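Just below is one structure, and these are the notes that go with it.
The values are calculated or read from the model by the stated rules, or taken from the named source; none is laboratory data. Note that the structure is a prediction, hence the values are computed from the model and not measured. No Cβ is skipped: glycine too gets one built from the backbone with ideal geometry, and neighbour counts run over all protein chains shown. Note: areas computed on protein heavy atoms with side chains; ligands, DNA, RNA excluded. Shrake-Rupley method; radii C 1.70, N 1.55, O 1.52, S 1.80 Å.
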Amino acid sequence: MSCAGCVAAVEDTLNAVPGVAEANVNFAEHTAEVTGSVMADALINAAVAAGYEAAELTGADDEAEQKELAEQDYYRQLLKQSALAAAVGAPLFLMGLLGVMPDVSGAGRLFWLVVAVLSLFVLIYSGGHFFTGAWKSFKNHNANMDTLIALGTGTAWGYSLLIVLLPDLVPEQARHVYFEAAAIIIALINFGAALEMRARGKTSEAIKRLIGLQPKTARLVRNGQEIDVPIEQVGLDETLRLRPGEKIAVDGIIIDGHTRVDEAMLTGEPMPVEKQQGDEVVAGTINKSGTVLFRATRIGKDTALARIIEMVRQAQSSKPAIGRLADRIAGLFVPAVLIIAVLTFLAWFNFGPEPRAAYVLVTTMTVLIIACPCALGLATPISIMVGVGKAAEYGVLIRNGEALQRAGQLTTVVLDKTGTVTEGRPAVTEVMALDGDQHELLRLAASLEAGSEHPLAEAIMAAARERQLELEPVQNFSAIAGYGVQGQVHGQQLLLGNQKLMVDQQVDISAFLKQAQGLAVQAKTPMFVALEGRCLGIVAVADPVKADSKAAIERLQQAGLKVVMLTGDNRATAESVARQVGVDEVLADVLPADKAAKVAELQACGDVVGMVGDGINDAPALARADVGFAIGGGTDVAIESADVILMRGSLHGVSDAIAVSKATVRNIKQNLFGAFVYNSLGIPVAAGLLFPFTGMLLSPVIAGAAMAMSSVTVVSNANRLRWFKPQDER
């Protein structure tokens with residue numbers, strides 16, 4: 001694609017292919033992401049038929065390297081083309097400034113014929129891609145930047161040749177040649193494209209760094225022998241050796257040894273994490289100390305790192321609403337410029353002073369050259385690429401451009417309690433038995449919870465294992481969402497759950513109600529145990545508040561956000577946690593199915609709501625929110641319900657995402673403002689608007705330089721985001 005005007009043409013072409021649901025074209029990366037039921041060949045054929053070249057991105061490890069090498073070759077080619085054009089155009093330009101140009105008639109004609117041949121070579125060698133691109137667009141009833149440049153420089157060269165060969169056809173005052181303008185315009189535009197490409201390459205550094213995390217080899221343990229093999233040859237469930245200082249090759253579980261792992265590049269967490277037998281390790285992270293053996297659980301495209309890379313790529317290719325609007329405008333821009341060029345031609349031809357032909361040519365050519373919408377087309381995608389990459393560096397995975405734009409507009413953040421504000425790893429703190437037999441009460445509770453996957457069940461099971469209690473078999477187990485669990489032990493009905501479950505099952509809990517209320521005030525969750533309708537006691541479980549939750553919530557409030565905690569826990573427990581962390585509002589006793597309704601109620605009041613949860617139990621609420629934040633560990637990245645995934649368990653990730661969002665949207669607006677101002681002011685000046693007042697016209701050479709540098713300016717401004725640090729907002 002040669003300019004932003006191509007984006008709409010390529011998108012329309014791809015969307016017209018049968019089976020395509022949606023096509024998103026990214027001008028900054030020159031890629032298209034297509035959703036639907038369609039073969040890649042059909043898409044490639046459609047793009048080729050429309051005058052473009054295309055190939056499928058397969059995700060191969062060496063693909064990025066090949067793409068980078070191809071871009072480097074093209075960068076060098078642009079510099080060569082620019083240098084040759086400058087070598088021809090610059091001496092002529094200087095001669096014109098010094099007033100030593102030969103006359104176009106008489107003895108000077110031979111000089112100009114040589115110049116005509118040299119400048120034609122420049123048009124073919126340095127500017128040939130503009131003319132072939134323009135011809136392809138013309139054949140497909142489109143117009144793009146190539147059209148404008150080819151018309152401008154081609155007309156300049158053709159008019160100049162006419163002056164040299166048949167000067168008598170043109171009035172003497174208009175016998176001025178523009179060979180140097182055509183050559184220098186092509187030199188400047190190629191040089192600008194080279195600078196833009198170089199700057200654009202820096203925008204994808206986040207992806208390059210992530211890809212660089214993938215090791216090329218792994219040390220396998222096979223048949224008692226340790227061998228180094230290419231990463232592609234590692235199979236599932238194979239045993240790998242990990243030594244100090246090595247990158248972890250694939251995702252796995254440690255089966256022997258103890259170490260510390262640096263997960264900073266994936267989670268943004270600077271401190272190494274302790275790992276021992278049974279713990280997960282993630283591909284791309286770095287082993288800092290011990291030697292361990294681990295079993296491969298995810299390989300190839302299934303590793304957390306591979307999924308993160310794919311997620312970042314998709315997000316960088318996506319478009320927020322502001323980007324789609326810019327693309328639509330850019331798609332209409334080139335046809336509009338051609339109309340303006342025709343109107344400029346007619347205005348100067350009919351009302352311009354003599355030498356009319358010269359004025360007509362200069363103004364029309366300058367309008368065509370200055371008006372390329374490249375800066376407009378780059379404004380959004382280039383900032384999105386840098387912003388998404390910057391967020392990934394801090395362990396924040398933004399799934400799409402819409403979420404990136406929306407996150408900065410939030411007015412309310414809703415936090416799930418368990419695993420979000422708190423650690424999510426509760427532990428049994430009290431066991432209160434009616435008959436004093438704590439072991440028996442805990443044994444019954446653990447027997448029933450053995451069939452549950454709830455975090456509170458894990459705490460009870462862990463306590464039973466610690467006390468080495470023997471569990472009873474349970475029949476007819478069932479979980480009652482938001483209430484608790486039930487089952488049968490030796491034919492007797494056994495219940496474990498909250499007060500609502502006991503009331504619902506008509507169990508008298510009056511003997512333990514006061515203790516339960518006291519525990520709830522301390523942010524502990526009391527769970528009643530009843531056998532055959534008789535309450536046997538309480539098992540209390542507490543989930544400690546994360547160390548940085550209070551500071552992170554203060555940071556959100558300082559940014560002007562209202563913070564609400566939404567939980568299924570009882571009000572006393574919820575308010576106890578709320579007091580510790582300082583949230584603005586508490587919504588307690590909310591069933592999982594009702595969380596989305598609570599988010600909708602806040603939205604109905606005019607709030608723009610971000611929901612932060614674990615991405616599984618809170619899926620409906622995450623999907624309902626304006627922006628859903630899934631908070632989880634480094635391996636839990638495939639959470640479909642969330643717009644933003646926080647790789648580490650800290651709520652600071654929400655503030656980081658919001659800070660990056662605001663900085664990125666601010667950068668996009670700067671770029672769009674600059675691009676609109678450039679074109680809004682540049683085109684009228686090029687058309688000669690100032691001529692009646694100043695007697696001056698804009699030189700086509702200056703127009704070429706301005707057009708080339710506008711794109712470079714936009715890309716350079718977007719690259720400022722690379723130095724942005726969300727912590728600076730704290």
Within the range 22-39, is there a residue that is of a type in the set (A, V, I, L, M), assigned to a helix (DSSP H, G or I), within 25 Å of ASP302 (Cβ to Cβ) and under 22 Å from the mean Cα position of the chain (by Cα)?
no
Can you say whether GLY408 is in contact with a helix residue (DSSP H, G or I) (Cβ under 6 Å, 6 or more places away or on another chain), surrounded by fewer than 21 Cβ atoms within 10 Å (Cβ to Cβ) and closer than 30 Å to GLN316 by Cα, as far as the supplied structure shows?
yes
Only one of (1) among the aliphatic types (A, V, I, L, M); (2) in contact with a Lys or Arg (Cβ under 8 Å, 6 or more places away or on another chain); (3) surrounded by 20 or more Cβ atoms within 10 Å (Cβ to Cβ); (4) not in a helix (DSSP H, G or I) does not apply to ALA296, and that is (2)
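How about the range 532-567: which of its residues are outside any loop (DSSP other than H, G, I, E, B) and among the small types (Gly, Ala, Ser)?
Narrowing the range 532-567 to residues outside any loop (DSSP other than H, G, I, E, B): 534-542, 545, 549-558, 562-566.
GLY537, ALA540, ALA542, SER549, ALA551, ALA552, listed by residue number.
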Scan the range 223-237 and tell me whether some residue there is surrounded by fewer than 20 Cβ atoms within 10 Å (Cβ to Cβ), among the polar types (S, T, N, Q), part of a helix (DSSP H, G or I) and at pLDDT below 90.
yes
Candidate set from the range 435-469 (those that are small (Gly, Ala, Ser) and in a helix (DSSP H, G or I)); member that is farthest from ALA540 (Cα to Cα):
SER447
Please determine whether any residue of the range 621-631 is of a type outside the set (Lys, Arg), open to solvent by 10 Å² or more (accessible area, probe 1.4 Å), at pLDDT 80 or above and farther than 28 Å from VAL282 by Cβ.
yes
Kindly establish whether LEU325 is modelled with pLDDT under 85 and out of contact with any Gly (no Cβ under 8 Å at 6 or more places or on another chain).
yes
Selection count where residues are open to solvent by 20 Å² or more (accessible area, probe 1.4 Å), touching a residue at least 60 places away in the same chain (Cβ under 8 Å) and more than 16 Å from PRO381 (Cβ to Cβ), scope the range 702-726
4
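Any residue at all in the range 472-484 that is free of Cβ contacts under 8 Å to residues at least 12 places away in the same chain, open to solvent by 10 Å² or more (accessible area, probe 1.4 Å), farther than 30 Å from ILE658 by Cα and assigned to a helix (DSSP H, G or I)? It would help to see each step written out before you state the result.
We begin by selecting, within the range 472-484, every residue free of Cβ contacts under 8 Å to residues at least 12 places away in the same chain; these are 478.
Checking the rest, the ones that are also open to solvent by 10 Å² or more (accessible area, probe 1.4 Å) come to 478.
Subsequent filtering for residues that are farther than 30 Å from ILE658 by Cα retains 478.
Then drop every residue that is not assigned to a helix (DSSP H, G or I), which leaves none.
The answer is no, given that none of the residues of the range 472-484 is free of Cβ contacts under 8 Å to residues at least 12 places away in the same chain, open to solvent by 10 Å² or more (accessible area, probe 1.4 Å), farther than 30 Å from ILE658 by Cα and assigned to a helix (DSSP H, G or I).
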Given the conditions (1) within 30 Å of SER661 (Cβ to Cβ); (2) in contact (Cβ under 8 Å) with a residue 40 or more places away in the chain; (3) charged (D, E, K, R), report the number of the one that ASP262 does not fulfil.
(2)
Have a look at ARG307, ARG298, ARG356, ARG324 and point out the one that is touching a residue at least 24 places away in the same chain (Cβ under 8 Å), under 30 Å from PHE724 (Cβ atoms) and among the basic types (Lys, Arg).
ARG307
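Is it the case, given these coordinates, that GLY99 is at positive phi, surrounded by fewer than 16 Cβ atoms within 10 Å (Cβ to Cβ) and not β-branched (Val, Ile, Thr)?
Values: at positive phi: yes; surrounded by fewer than 16 Cβ atoms within 10 Å (Cβ to Cβ): yes; not β-branched (Val, Ile, Thr): yes.
So GLY99 passes the test.
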